[in-house]
Amino acid sequence: MSQNARYNGKASWEEWRQTWQNEERYNFRTIEKKWQQIWQDEKAYKVEIDHNKEKFYALVEFPYPSGAGLHVGHPRSYTALDVIARKKRMQGFNVLYPMGFDAFGLPAENYAIKTGVHPAISTKENIANFTRQLKSLGFSFDWDRCFNTCDPEYYKWTQWMFIQFYKHGLAYKDKMAINWCPSCKVGLANEEVVNGHCERCGADVVRRDKEQWMLAITKYADRLINDLDQVDFIDRVRSTQINWIGRSEGAELEFELTDNSGNSLGKKMVVYTTRPDTTFGVTYCVMAPEHQFVGELMGMFENADDVRQYVNETAKKSELQRTADTTKTGVELKGIKARNPYTGALIPVFISDYVLTGYGTGAIMAVPAHDQRDYDFAKVFHLPIVQVLAGGDISEAAWEEDGTHINSGFMDGMDKKEAMAAAIKYAEEHGFGHAKVNFKLRDWVFSRQRYWGEPIPMVYCEHCGWQPIPEDQLPLTLPEVPDYRPNDNGDSPLANATEWVNTTCPKCGGHARRETDVMPNWAGSSWYFLRYCDPHNDKEFASKEALDYWMNVDWYNGGMEHTTLHLLYSRFWHKFLYDCGYVPQPEPYQKRTSHGMILASDGEKMSKSRGNVVNPDEIVENYGADSFRLYEMFIGPFDQVAMWSEESLNGVYRFVGKVYSLFKKVYADKDAPMSDEDLRAMHKCIIEVTERIDQMKFNTAVSSLMTYVNHLATMKMIPAQMYATLLKLLSPFTPHLAEEMWARLGGKTLIVTESWPVGDAKLAAENEVTVAVQINGKMRGTINIAKDADKTEVEAEALKLDNVARQLEGKTVKKIIVVPNRIVNIVA
RNA sequence: GGGGUUGUGGCGGAACUGGUAGACGCGCCAGACUCAAAAUCUGGUUCCCUCGGGAGUGGGAGUUCGAUUCUCCCCGGCCCUACCA
């Protein structure tokens, strides 16, 4: 290591000392820059595979490099895992803590449309700015592994993986109603539609048919739920995922369609229900207006005009309009009936937009007595309501609780479980139905009619159909285009790059056209953690050796907002690669935690429009990176929302200054003795900080450090060991300060390379304890007594207290409860 | 409607498997230093009080010698999701 850099260019520690020994204030500006330079020059955080060491892979969600720069929310996650990574490193682990950029995305493209600046250029600038900001915070990333997803060397593999999906039949093209944003002129995934609005621009989303590439994530739905048992995800992430996948068990039942007299029309309407046991309460059926039978049977309907009109109205409605208004509307399909397969009864059939075409079979059997939506509909259309579950009063509302079956033929008297089994058995025996599991999860719409994304590596040949481009021709790079605007037909800007679009079929050599849609921005982030293992590999996305050594990710932290999208997609993607034999484990992340958002001091989300955004650069400039980091760890419970407070930040800043100034009291003699009390304070701090970092209780870990510093502050002189221990414990939080003071203390190596202190519980233990004395559960005083003192001795001491004697006057002691080292409760 | 999460001083928040509620920090008050201010340092700081005490962790009940912690009911905040049959 270059001693000069360490000693600010001086030849020796002694010479260097002359320059700072009279310094009053902690000059964080120069000191932080100095250490960042040293870490960079010495590649202090670079890691390689080392089979002699246990690995630890810490991961945070890589940012989208927006033009706005780093948000104070980013460092909450980054600092937390930096603290964990640094501690693990000092505990002897080979730690991989990488950073990169999720660089494809709409903002860069929208910016290009506005200004004409190519997304590649603005993205590059933004990445440079983000990198500068991240480096200014002293994170221990291995920068040699940094990459961004819009680099062809990276997306080459994203495209390669898409081809694997295609080859395994999991990528397919389908014409389907998609969410269409008329403002962005882009198809959106369900997940990108927020309350019927476009997630990005807020415009009303409408439905529109479009040929889309789809990824068959639903084929993995069961495994995405079941394999959660193999990993350690915090409860809310786990339950959110399960909820999103939305598994439900029920049955598909066939209802034969007939004319008014009960003559079969030769069509069987399949409905999905989670309660086949309630079929005796079915009084009508409903199909989605888009259901194929509606068109096919149009000629049968006596009120065909009304039906057509309703179908048209529904088609025009946006998602928002369709879901916002829960008043039931619909039209009866006059002229046809459905036959209840259990009872043989003929019941009316309706169409209504409360039945969705995308879930189940797009048709339902309605049980108004026991489903509120059916109940509401039945009230509007004056349909009979037949109770089949006992309990409740159905005169006002549906009874949605369980109850013994009544009016249910062979199921009478049964409970839910028995009746479900009986109903399904009956359906199977009579050949009109079977048990069926359904999911809310839909297949992943993988096409975007956009420019700034990975080109989908497929060509269409009139003779051979869709063909993947040969893998040795990857990457298929984005062509230059004159205009980034999607056209009103919904075609991608790539459609205008005629030369690029027209190509030859890899199979027959004839004329073919390239796919002009690009991938969604979730593509690149679905496997980036694999690339970190071996980022410069140009033969494979990562070598087997690297994947075997580094995977899984041991600890992944990120925002709750990515729980349903990124986290689910990347788990699916990884499972697919696992099935193909490309990665060693079925799950990518061993442990997933989530941090709370940082709100502005007014309790609102930080936003440009509110003008309450805190700029990290200013914080670093005014308080220093260490104070910033430490404050973000101290701000509150890590998993909960926190409000930014510059006053609290100032308190932490004072603490940093205090640690600096305590150095003046440090004994030159390293072997100076410590009192039992000092030893106790030190070991207590070691134990608490170590435990609390592991539990992500960073705020109380910092409290422990503060308590320890308060102890040091009361001492006249501080033994070097006590101060050195403080620096080591502090180093994950405030690495610059720790390095500087470590060097001033005479440390010849980076504190990063030192080992983490080990606490001794025996030394941390008090030998005298304060025991509370209560009478009837009320505090009346305390006694100081030897630890683990004899019960009778404790009782005797407690009774000796003046206050206790006074309170007990005229009362008889019935019982004395002694909790060792804690409490004495006298019951009188 | 469904799911999750949360409610403790003036504020952010501590409190291990039920055992001295308010750690730590902010703010505030007083003192020191200063012509003064900032910065820094020292002490105090849940509320009420007749200075004996009393009340107190959203509200109400319960279990217990003892409840912020466990059980039941009710009220509120925040986040996600939503006509998913």
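The values are calculated or read from the model by the stated rules, or taken from the named source; none is laboratory data. Nothing here was measured: the structure is a model prediction, and the numbers come from that model. Note that we place each Cβ from the backbone using ideal geometry, even for glycine, and neighbour counts take in every protein chain shown. Ligands, DNA and RNA are stripped out before the accessible areas are found, and what is left, the full protein with its side chains, is counted by its heavy atoms. Shrake-Rupley method; radii C 1.70, N 1.55, O 1.52, S 1.80 Å.
I need the full set of residues from the range A:369-404 which are among the aliphatic types (A, V, I, L, M), farther than 24 Å from A:K417 by Cβ and in contact with a Pro (Cβ under 9 Å, 6 or more places away or on another chain), in order please. Walk me through it before giving the result.
So in the range A:369-404, the residues among the aliphatic types (A, V, I, L, M) come out as A:369, A:378, A:380, A:383, A:385-386, A:388-390, A:394, A:397-398.
Next cut, farther than 24 Å from A:K417 by Cβ only: A:378, A:380, A:383, A:385, A:397.
Scanning the range A:369-404 gives A:A378, A:L383, A:I385.
For A:E797, state whether it is part of a helix (DSSP H, G or I), in contact with a strand residue (DSSP E or B) (Cβ under 6 Å, 6 or more places away or on another chain), away from RNA strand B (no atom under 12 Å from the Cβ) and not aromatic (F, W, Y).
On the way: part of a helix (DSSP H, G or I): yes; in contact with a strand residue (DSSP E or B) (Cβ under 6 Å, 6 or more places away or on another chain): yes; away from RNA strand B (no atom under 12 Å from the Cβ): yes; not aromatic (F, W, Y): yes.
Yes; evaluated as a whole, the condition is true for this residue.
Against the condition open to solvent by less than 40 Å² (accessible area, probe 1.4 Å), among the charged types (D, E, K, R), touching a strand residue (DSSP E or B) at 6+ places or on another chain (Cβ under 8 Å) and at pLDDT 95 or above, how does A:K87 come out, does it pass? Spell out the reasoning first.
Details: open to solvent by less than 40 Å² (accessible area, probe 1.4 Å): yes; among the charged types (D, E, K, R): yes; touching a strand residue (DSSP E or B) at 6+ places or on another chain (Cβ under 8 Å): no; at pLDDT 95 or above: yes.
For A:K87, the condition - open to solvent by less than 40 Å² (accessible area, probe 1.4 Å), among the charged types (D, E, K, R), touching a strand residue (DSSP E or B) at 6+ places or on another chain (Cβ under 8 Å) and at pLDDT 95 or above - is not met.
Table: residues versus (1) over 27 Å from A:S570 (Cα atoms); (2) under 23 Å from the mean Cα position of the chain (by Cα).
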{"site": "A:Q36", "(1), (2)": "yes, no"}
{"site": "A:Y45", "(1), (2)": "no, no"}
{"site": "A:H51", "(1), (2)": "yes, no"}
{"site": "A:E54", "(1), (2)": "no, no"}
{"site": "A:S66", "(1), (2)": "no, yes"}
{"site": "A:V72", "(1), (2)": "no, yes"}
{"site": "A:T115", "(1), (2)": "yes, no"}
{"site": "A:F130", "(1), (2)": "no, yes"}
{"site": "A:S136", "(1), (2)": "yes, no"}
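More than 12 Å from RNA strand B (Cβ to nearest atom), in contact (Cβ under 8 Å) with a residue 12 or more places away in the chain and of a type in the set (K, R), is that true of A:K791?
For A:K791, the condition - more than 12 Å from RNA strand B (Cβ to nearest atom), in contact (Cβ under 8 Å) with a residue 12 or more places away in the chain and of a type in the set (K, R) - is met.
Give the residue, chosen from A:T516, A:T503, that is surrounded by 15 or more Cβ atoms within 10 Å (Cβ to Cβ), polar (S, T, N, Q) and assigned to a loop (DSSP other than H, G, I, E, B). Step through it out loud before you land on a result.
On the way: A:T503 fails: assigned to a loop (DSSP other than H, G, I, E, B).
So the residue among A:T516, A:T503 that is surrounded by 15 or more Cβ atoms within 10 Å (Cβ to Cβ), polar (S, T, N, Q) and assigned to a loop (DSSP other than H, G, I, E, B) is A:T516.
I'd like the residue in the range A:327-377 that is assigned to a strand (DSSP E or B) and β-branched (V, I, T) and, out of all such residues, is farthest from RNA strand B (Cβ to nearest atom). Give the steps one after another, and end with the answer.
We begin by selecting, within the range A:327-377, every residue assigned to a strand (DSSP E or B); these are A:331-339, A:346-351, A:363-366.
Pick out the ones that are also β-branched (V, I, T) and you get A:331, A:336, A:347, A:349, A:351, A:364.
Working: A:V331: 14, A:I336: 19, A:I347: 15, A:V349: 14, A:I351: 12, A:I364: 5 Å.
It comes out as A:I336.
Which of the residues belonging to the range A:560-577 are over 14 Å from A:W522 (Cβ atoms) and within 10 Å of RNA strand B (Cβ to nearest atom)?
A:M560
Taking the stated definitions as given, is A:V620 buried (at least 16 other Cβ atoms within 10 Å of the Cβ), more than 15 Å from RNA strand B (Cβ to nearest atom) and within 14 Å of A:V72 (Cα to Cα)? Before the answer, list the steps.
Details: buried (at least 16 other Cβ atoms within 10 Å of the Cβ): yes; more than 15 Å from RNA strand B (Cβ to nearest atom): yes; within 14 Å of A:V72 (Cα to Cα): yes.
When the stated conditions are applied, A:V620 passes them.
For every residue, the table says whether it meets (1) at pLDDT 90 or above; (2) in contact with a strand residue (DSSP E or B) (Cβ under 7 Å, 6 or more places away or on another chain).
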| position | (1), (2) |
| --- | --- |
| A:N8 | no, no |
| A:Y26 | no, no |
| A:K34 | yes, no |
| A:V47 | yes, yes |
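Going residue by residue through the range A:762-785, is there one that turns out to be of a type in the set (S, T, Y), within 16 Å of RNA strand B (Cβ to nearest atom) and either under 49 Å from the mean Cα position of the chain (by Cα) or modelled with pLDDT of 90 or more (or both)? Spell out the reasoning first.
Step one: filter the range A:762-785 for residues of a type in the set (S, T, Y), giving A:770, A:782.
Going one step further and asking which of them are within 16 Å of RNA strand B (Cβ to nearest atom), we end up with A:770, A:782.
Subsequent filtering for residues that are either under 49 Å from the mean Cα position of the chain (by Cα) or modelled with pLDDT of 90 or more (or both) retains A:770, A:782.
Checked the range A:762-785: at least one residue is of a type in the set (S, T, Y), within 16 Å of RNA strand B (Cβ to nearest atom) and either under 49 Å from the mean Cα position of the chain (by Cα) or modelled with pLDDT of 90 or more (or both).
So, in the range A:10-40, exactly how many residues are more than 26 Å from A:N622 (Cα to Cα) and either loosely packed, with under 13 Cβ neighbours inside 10 Å or within 16 Å of RNA strand B (Cβ to nearest atom) (or both)?
Total meeting the criteria: 5.
Which count do you get for residues in the range A:248-288 that are part of a loop (DSSP other than H, G, I, E, B) and surrounded by 22 or more Cβ atoms within 10 Å (Cβ to Cβ)? I'd like the intermediate steps shown before the answer.
Let us first name the residues in the range A:248-288 that are part of a loop (DSSP other than H, G, I, E, B), namely A:260-263, A:274-275, A:282-283, A:288.
Right, trim to surrounded by 22 or more Cβ atoms within 10 Å (Cβ to Cβ) and you get A:282, A:288.
Number of matching residues: 2.
For the range A:588-600, how many residues are away from RNA strand B (no atom under 16 Å from the Cβ) and either in a strand (DSSP E or B) or more than 17 Å from A:D235 (Cβ to Cβ) (or both)?
Kept after step one, since they are away from RNA strand B (no atom under 16 Å from the Cβ), are these residues of the range A:588-600: A:588-591.
Right, trim to either in a strand (DSSP E or B) or more than 17 Å from A:D235 (Cβ to Cβ) (or both) and you get A:588-589, A:591.
Qualifying residue count, the range A:588-600: 3.
Quick check on my filter: what residues within the range A:342-359 are at pLDDT 90 or above, out of contact with any helix residue (DSSP H, G or I) (no Cβ under 7 Å at 6 or more places or on another chain) and open to solvent by 30 Å² or more (accessible area, probe 1.4 Å)?
A:G344, A:A345, A:L346
Check whether at least one residue in the range A:386-407 is under 39 Å from the mean Cα position of the chain (by Cα), within 30 Å of A:D174 (Cα to Cα) and in a loop (DSSP other than H, G, I, E, B), and report yes or no.
No, every residue in the range A:386-407 fails to be under 39 Å from the mean Cα position of the chain (by Cα), within 30 Å of A:D174 (Cα to Cα) and in a loop (DSSP other than H, G, I, E, B).
Check off (1) within 16 Å of RNA strand B (Cβ to nearest atom); (2) modelled with pLDDT under 95; (3) in contact with a Gly (Cβ under 9 Å, 6 or more places away or on another chain) for A:S607 and give me the number that stays unchecked.
Checking A:S607 against (1) within 16 Å of RNA strand B (Cβ to nearest atom); (2) modelled with pLDDT under 95; (3) in contact with a Gly (Cβ under 9 Å, 6 or more places away or on another chain), the one that fails is (3).
Residue by residue, here is whether (1) within 30 Å of A:D554 (Cα to Cα); (2) in contact with an Asp or Glu (Cβ under 9 Å, 6 or more places away or on another chain); (3) within 9 Å of RNA strand B (Cβ to nearest atom); (4) hydroxyl-bearing (S, T, Y) holds:
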site	(1), (2), (3), (4)
A:I217	yes, yes, no, no
A:A221	yes, no, no, no
A:I225	yes, no, no, no
A:Q230	yes, yes, no, no
A:N243	yes, no, yes, no
A:E252	no, no, no, no
A:S264	no, yes, no, yes
A:M269	no, yes, no, no
A:T274	no, yes, yes, yes
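With A:I686, A:I693 as the choices, which residue is within 15 Å of RNA strand B (Cβ to nearest atom), of a type in the set (A, V, I, L, M, F, W, C) and crowded, with 16+ Cβ neighbours inside 10 Å?
On the way: A:I686 fails: within 15 Å of RNA strand B (Cβ to nearest atom).
Residue meeting the stated conditions: A:I693.
Among A:T690, A:T707, A:T700, which is in a helix (DSSP H, G or I) and touching a residue at least 40 places away in the same chain (Cβ under 8 Å)? Break it down stepwise before answering.
Details: A:T707 fails: touching a residue at least 40 places away in the same chain (Cβ under 8 Å); A:T700 fails: touching a residue at least 40 places away in the same chain (Cβ under 8 Å).
After ruling out the rest, the residue left standing is A:T690.
For A:S627, which of the numbered conditions (1) open to solvent by less than 30 Å² (accessible area, probe 1.4 Å); (2) out of contact with any Asp or Glu (no Cβ under 6 Å at 6 or more places or on another chain); (3) at pLDDT below 95; (4) not aliphatic (A, V, I, L, M) fails to hold?
A:S627 satisfies all of (1) open to solvent by less than 30 Å² (accessible area, probe 1.4 Å); (2) out of contact with any Asp or Glu (no Cβ under 6 Å at 6 or more places or on another chain); (3) at pLDDT below 95; (4) not aliphatic (A, V, I, L, M) except (3).
Please identify the pairs in which a residue from the range A:574-598 that is more than 17 Å from A:H168 (Cα to Cα) and of a type in the set (D, E, K, R) has its Cβ atom under 6 Å from the Cβ atom of a residue that is modelled with pLDDT of 95 or more and in a strand (DSSP E or B), counting only partners at least 6 apart or on another chain.
Listed by first residue and then by second, the contacts come to A:K591/A:W555; A:R592/A:Y556.
The conditions are (1) more than 30 Å from A:Y220 (Cα to Cα); (2) modelled with pLDDT under 90, and A:I385 fails exactly one of them. Which is it?
Among (1) more than 30 Å from A:Y220 (Cα to Cα); (2) modelled with pLDDT under 90, A:I385 violates only (2).
If A:E646 satisfies all but one of (1) within 16 Å of RNA strand B (Cβ to nearest atom); (2) open to solvent by less than 30 Å² (accessible area, probe 1.4 Å); (3) of a type outside the set (F, W, Y), what's the number of the condition it fails?
With (1) within 16 Å of RNA strand B (Cβ to nearest atom); (2) open to solvent by less than 30 Å² (accessible area, probe 1.4 Å); (3) of a type outside the set (F, W, Y) applied to A:E646, the lone miss is (2).
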